[in-house]
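Colleague: Before we start, here is the structure in question, set down as structure tokens.
Readers should treat all values here as calculations from the given coordinates under stated rules, not as data from a laboratory. What you see is a predicted model, and the numbers here were worked out from it, not measured in a lab. Glycine gets a Cβ as well: all are built from the backbone with ideal geometry, and neighbour counts include every protein chain shown.
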Amino acid sequence: MNLEHFLKSDGPSWLEVKGSDADIVMSTRIRLARNLVGYRFPLSFDEQEAKQIDQVVTQALLNRKNGDHFFSHFTIKEMPALQRQVLVEKHLISPLLAKKEKSASVVISNDESISVMVNEEDHLRIQCLSPGFQLYETYELANQLDRYLEKHIPYAFEESFGYLTSCPTNVGTGLRASVMVHLPALTMSKQMKAIIQTLTRLGMVVRGIYGEGSENLGNIYQISNQITLGKSEEEILNDLQNVVEQIIQNERNARQLIMQQAPIALEDRIQRSLGTLRYARIMTSEEAASCLSNVRLGIDLDIIKDVPLSILNECMILIQQGFVQQYAGTTLQATERDLFRAKLLREKLNAKTKNSVEKGEEKYDV
Amino acid sequence: MICEHCKTNQATVTVTQIINGQKSERHYCEVCAAQFHPFNVDFQNEEQFPLAQLVSNWFGLQIWKSETNEKQQSNTQTTTSCPGCGFTFRQFLNEGKLGCPKCYETFSSKLPQVLEKIQSGTKHNGKVPGSSKNNHLLLKKQIETTREQLQLAIVEERFEDAAKLRDEIKEMERKLEVGGVDTP
């Protein structure tokens, strides 16, 4: 499969709308950190080691038979910066991998549900992404690949420390399970601070989806386990499952409360956001994320009926700077990006009405 | 005051560092402070010095001190650098990361006190390569939820459904015993 397949603007499979909690949980991610015996970790290894590891791992993956997934392999160094950025924004590679100077690569399944990063912080980072709230199913997907790989690659494992990793925050199971949740009502009612504090005490971490420092951009939070040693995979997943279930319940309650107490104000906010997305000519990523969050809430609460949730999920990814530039076909200054972002959103969100109304948005220039 | 890291949120956490009797304070918001897990500190744009101090602070100064003392005392005794990569424990504290898998063995006496602070234990309790332990979480979870449905069906006197669910559970338990869904 060529790289273009993974760079196109269509939403990856994990952005589909799926599951009973799809109104709140957007996607689930499982990551397993693994290393090979006999090689130094990427922090200290040399180019020769990096190359060998890359070869061993990608050979094993590309030779995989009986699996349902077809893998493609891409070398990081050979990729232009913008393409790397797009893969980061699609969550297929990490920002750290994108910056690697020694031999590093990524192996991606054609539906983008699996991506294995080679020579990131650890020799291997097996990552599986699924739509909706599917911790156990996603873990099973990662586990199957892990069990296949362990037969072909000698893992660095030690009885008492478990899977050995470069950073001791990953040692043991090497498992990081994350759930991406949209929590507009809890954010609006200013309850997130207390929730984040509680979760930290429970050994969980909360981050924004657009990376560090973007904490509640679009009211989307990523909740993950912090602890990897001393607990089994099952305990880690059960704990996260329980915590997220409670947060879902809290968010639903908060939404109901806002609906009861300020229905008009809420509807005004939601409809204004939709108007902004459909007609604005300049759009920063912050404004886009916040408008998309409001519209998403509007769809969940049945206030907005003519916009499919799947388009919203797609837009959440598309508004990022790499995608905007990919869409424009060239690198852009920040102010130019805001123009193209607005154009992109108009096209996406007016696509439905375009069929019925002859005069579409496309006749306007940016 | 505004968080020194993200420069947007209100700073609510104060990290006090005392180095050589000199006291300095840093102010972070809740979120950034939580992210500043000892090993995830993103200080790339800043000098290395505070990072090392921050890490040693988090571990408690004791490790930092004992490491320096030990170095002074046992210069001629055993070497503390890892035979696999040459990393010393001091280097690990500075970087927050280990150099190679062998480091775990080399520093096995000192690592547990670090791990205690950041993990829920110091002993691996999960999956082991090649074993089937913990490898059927999905199936186990499905059995659990089907059992709940079975209970509900019995309470609601839907006996036909209950019989069906009972058979499903039996089938899943059989799968679990023989290795189940987890074919390579």
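Colleague: Taking 60 Å as R0, compute the FRET efficiency from the Cβ-Cβ separation of B:T8 and B:V178 and round it to 0.05. Spell out each step's value before the answer.
Modeller: Details: r = 55 Å, r/R0 = 0.91.
The computed FRET efficiency comes out at 0.65.
Colleague: Of A:K151/B:K117; A:K151/A:K231; A:K102/B:K7; A:K99/B:K102; A:K99/B:K110; A:K100/B:K117, which ones are farther than 28 Å apart at the Cα?
Modeller: Check vs 28 Å cut-off fails for A:K151/B:K117; A:K102/B:K7; A:K99/B:K110; A:K100/B:K117.
Colleague: If you don't mind, there's one more thing I want to ask. By counting other Cβ atoms within 10 Å of each Cβ, how are B:E160, A:E234, B:E4 ranked from fewest to most?
Modeller: Exposure proxy ranking, most exposed first: B:E160, B:E4, A:E234.
Colleague: Could you tell me the extents of segment A:128-234's C-alpha atoms along the three principal axes, largest first, rounded to whole Å?
Modeller: 50, 27, 24
Colleague: Further question: Which loop-located GluC sites (Glu not before Pro) does segment A:147-209 contain, where loop means any DSSP state but H, G, I, E or B and the Cβ has at most 15 other Cβ atoms within 10 Å?
Modeller: A:E159
Colleague: At q = 0.17, 0.20, 0.28 Å⁻¹, what is the log10 ratio I(q)/I(0) for segment B:92-143, with the Debye formula run over Cα points and no solvent?
Modeller: -0.72, -0.84, -1.13
Colleague: While we're here: Would you work out the relative contact order for segment A:76-163, in percent, from Cα pairs under 8 angstrom that are 6 or more residues apart?
Modeller: On the way: 92 pairs, mean separation 14.4, N = 88.
Here the relative contact order equals 16 percent.
Colleague: Treat the count of other C-beta atoms within 10 Å as a stand-in for reagent exposure and order B:C103, B:C29 from fewest to most.
Modeller: Least to most surrounded, the residues fall as B:C29, B:C103.
Colleague: Quantify how much of the Cα-Cα distance distribution of segment A:228-318 extends past 20 Å, in percent. It would help to have the intermediate numbers written out before the result.
Modeller: Values: 2061 of 4095 pairs.
Cα-Cα pairs in segment A:228-318 separated by more than 20 Å: 50 percent.
Colleague: I've got another one for you. Using a ≥ b ≥ c from the Cα gyration tensor of chain A (square roots of the eigenvalues), is it rounded, prolate or oblate, where a/c under 1.5 gives rounded and otherwise the larger of a/b and b/c decides, a/b for prolate?
Modeller: Oblate shape, in that a/c is at least 1.5 and b/c is the bigger or equal ratio.
Colleague: Also, I was wondering about something else. For segment A:260-299, calculate the relative contact order in percent as a whole number, restricting contacts to Cα pairs under 8 Å that are 6 or more residues apart.
Modeller: Here the relative contact order equals 53 percent.
Colleague: How much length is gained if the chain between A:T335 and A:E47 is pulled fully straight, taking 0.36 nm per residue apart and subtracting their Cα-Cα distance, in nm to one decimal?
Modeller: That pair, A:T335 and A:E47, stretches by 99.7 nm at full extension.
Colleague: Segment B:109-166 to segment A:270-291: how many Å between their Cα centroids?
Modeller: Each part reduced to its Cα centre gives a spacing of 43 Å.
Colleague: Follow-up question, since we're still on this one. Given segment A:137-200, what whole percent of its Cα pairs are spread farther than 20 Å?
Modeller: Looking at segment A:137-200, the distances longer than 20 Å represent 51 percent of pairs.
Colleague: State, as an integer percentage, the relative contact order of chain A based on alpha-carbon contacts under 8 Å between residues 6 or more apart. Before the final figure, lay out each step's value.
Modeller: On the way: 617 pairs, mean separation 67.2, N = 366.
Relative contact order of chain A: 18 percent.
Colleague: Also, I was wondering about something else. Distance from the Cα centre of segment A:328-343 to that of segment A:184-255, in angstrom?
Modeller: Going from one Cα centre to the other spans 33 Å.
Colleague: In what sequence do B:C32, A:C128 fall when counting other Cβ within 10 Å, fewest first?
Modeller: Least crowded to most crowded, the residues run B:C32, A:C128.
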